[in-house]
1. Name, by its number, the condition in (1) closer than 11 Å to A:PHE27 by Cβ; (2) in contact with a Lys or Arg (Cβ under 7 Å, 6 or more places away or on another chain) that does not hold for B:GLY39.
2. Filter the strands (runs of 3 or more DSSP E) completely within the stretch B:5-65 down to those with at least 3 residues that are within 28 Å of B:ALA90 (Cβ to Cβ).
3. Return a yes/no flag: does the stretch B:2-15 have any residue that is in contact (Cβ under 8 Å) with a residue 40 or more places away in the chain and of a type in the set (A, V, I, L, M).
4. It is to be established whether one or more residues within the stretch B:81-91 are over 14 Å from the mean Cα position of the chain (by Cα) and over 22 Å from B:MET1 (Cα atoms).
5. I'd like to verify a number: residues in the stretch B:32-59 that are hydrophobic (A, V, I, L, M, F, W, C), surrounded by fewer than 15 Cβ atoms within 10 Å (Cβ to Cβ) and within 14 Å of chain A (Cβ to nearest Cβ), how many?
6. Filter the stretch B:60-92 down to residues that are touching a helix residue (DSSP H, G or I) at 6+ places or on another chain (Cβ under 7 Å), of a type in the set (A, V, I, L, M) and within 12 Å of chain A (Cβ to nearest Cβ), then give me how many there are.
7. With (1) at the interface with chain A (Cβ under 8 Å from one of its Cβ atoms); (2) modelled with pLDDT of 95 or more as the list, and B:SER3 as the residue in question, which single condition is left unmet?
8. Pairs please, first residue from the stretch B:109-135 and farther than 25 Å from B:LYS72 by Cβ and surrounded by 15 or more Cβ atoms within 10 Å (Cβ to Cβ), second anywhere and aromatic (Phe, Trp, Tyr) and modelled with pLDDT of 95 or more, Cβ atoms under 6 Å, 6+ apart in sequence or on different chains.
Amino acid sequence: MTIEWGTDVDAALSEARAASRPALLYFTAAPA
Amino acid sequence: MASFIEKNFLPVRIQVKEQPATFRRFGVLWTPTLLAMDGEGHERLHWVGYAPADDFLAQLEMGAANAAFGRKQWEEAGRRYRELAERHPASEAAPEAWYWEAATHYMGKKDHLPLETLASRLERRYPNSIWTKKAAPYVPQEPGG
């Protein structure tokens with residue numbers, strides 16, 4: 001199973017409010 | 001690990017050259033950095049650097065447990081801390097998880113006993129952990145002690 005990473009922080013934070021699930025923000029220097 | 005992330009988080013990948021403003025916004029100093037942010041915008045996990053898989057997964061579980069604690073869902077938080085500590089007993093996160101597990105009993109039921117016995121429980125398994133030291137003040141003092 002691979003992780004479907006989003007790229008929109010604000011969308012994830014907004015969804016976190018509705019879903020009672022935290023956003024997991026992964027900051028990386030590695031290219032996509 | 002992927003299934004745990006998908007089930008418990010809304011994952012976002014932020015690449016430094018693509019989103020430098022997001023790095024500045026969250027004050028990220030180094031990569032990799034992992035933040036768990038709850039729906040109220042509170043940070044529930046801040047992890048910097050690489051880690052062995054077991055420690056890394058334990059930190060993810062800590063973030064999910066902390067988020068439940070932040071929502072005042074004491075039973076869920078306690079269950080998550082217990083599961084973390086039992087699944088990853090050798091991880092750095094395990095003594096911290098036992099500390100917070102004891103805190104959920106106090107917060108949810110005003111039950112002091114798990115906090116009062118925490119230090120002796122941690123002392124046996126994690127004598128050098130900062131969380132063992134943090135538990136020490138909850139040990140009841142002997143009369144006259």
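The values are calculated or read from the model by the stated rules, or taken from the named source; none is laboratory data. Everything quoted here is computed from the prediction, not taken from an experiment. For neighbour counting, all protein chains shown are included, and Cβ atoms are generated from backbone atoms with ideal geometry for every residue, glycine included.
1. (1)
2. B:33-37, B:43-48
3. Yes, because at least one residue in the stretch B:2-15 is in contact (Cβ under 8 Å) with a residue 40 or more places away in the chain and of a type in the set (A, V, I, L, M).
4. no
5. 1
6. 5
7. (2)
8. From residues that are farther than 25 Å from B:LYS72 by Cβ and surrounded by 15 or more Cβ atoms within 10 Å (Cβ to Cβ), the pairs are B:THR132/B:TYR126.
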